[in-house]
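Computed from the coordinates by the stated procedures, all read-outs in this text should not be read as laboratory data. Predicted model, so just to flag it, every value in this text is computed and none were measured. A quick note on method: Cβ atoms are made from the backbone with ideal geometry, for glycine too, and the neighbour counts reach across all protein chains shown.
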Amino acid sequence: MSEAPIDKAYDRTPTLRSRELRNNATAPERKLWQHIRNRQLSGTRFNRQVPIGPFICDFVARTPKVVIELDGGQHAVRTVEDERRTHFLESRGYRVLRFWNNDVLENVEGVLSVICSALNDRPSPDPSRFREGD
């Protein structure tokens with residue numbers, strides 16, 4: 001008689017939900033992803049739909065601890081939930097950047113400039129980024 005497989009002691013729901021969100025990305029998410037994937041922006045690696053605690057974040061740069069959230073019209077009335085989410089992420093050391101979907105669709109270069117500035121304010125702790133004597 002074979003034994004049942006051992007369950008990894010964690011909830012797979014966020015991972016499954018993340019995968020679903022990646023496969024069904026919105027137009028603004030797809031547009032921004034084209035500009036930040038593959039370390040295209042400041043050499044920083046971003047991941048899409050990353051679970052952090054009880055939340056799934058649109059884009060996360062783990063090393064500099066930057067979260068990018070794209071908000072549609074529903075967020076105009078969900079301010080309390082968004083503030084709670086932002087507070088949770090900031091309490092874990094993340095800087096949260098929020099952009100309206102329209103900003104990404106109509107002014108992606110401006111959005112990228114803000115993200116780039118935020119990344120430059122939070123340099124990687126990787127020692128290879130620093131030169132001797134700096």
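Determine the shape class of the stretch 28-121: with a ≥ b ≥ c the square roots of the Cα gyration tensor eigenvalues, call it rounded for a/c under 1.5, and otherwise prolate if a/b is greater than b/c, oblate otherwise.
Details: a/c = 1.73, a/b = 1.15, b/c = 1.50.
It comes out oblate by the Cα gyration axes.
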Seminar exercise, completed: Sorted by chain and then number, the residues having a modelled amide H within less than 5 Å of the amide H of Trp100, at least 5 places away or on another chain, are Asp71
Problem set entry | For Ile52, distant residues with modelled amide H under 5 Å away | Cys57
Exercise. Dipole magnitude of the stretch 28-121 about its Cα centre, charges +1 at Lys/Arg Cβ and -1 at Asp/Glu Cβ only, in debye to the nearest 20?
Worked result: 480 debye
Seminar exercise, completed: For the stretch 104-120, Karplus-derived ³J(HN,Hα) couplings (6.51, -1.76, 1.60; θ = phi - 60°; whole Hz; x for glycine and proline) come out as 5, 5, 9, 8, 4, 5, x, 4, 4, 4, 5, 5, 4, 4, 5, 5, 5
Exercise. From the backbone phi of the stretch 62-69, what are the Karplus-calculated ³J(HN,Hα) couplings (6.51 cos²θ - 1.76 cosθ + 1.60, θ = phi - 60°) in whole Hz, Gly and Pro given as x?
Worked result: 5, 5, x, 6, 10, 10, 10, 10
Problem set entry | In order through the stretch 38-46: 3J(HN,Hα) via Karplus (6.51 cos²θ - 1.76 cosθ + 1.60), integer Hz, x for Gly, Pro | 6, 6, 6, 10, 6, x, 9, 8, 10
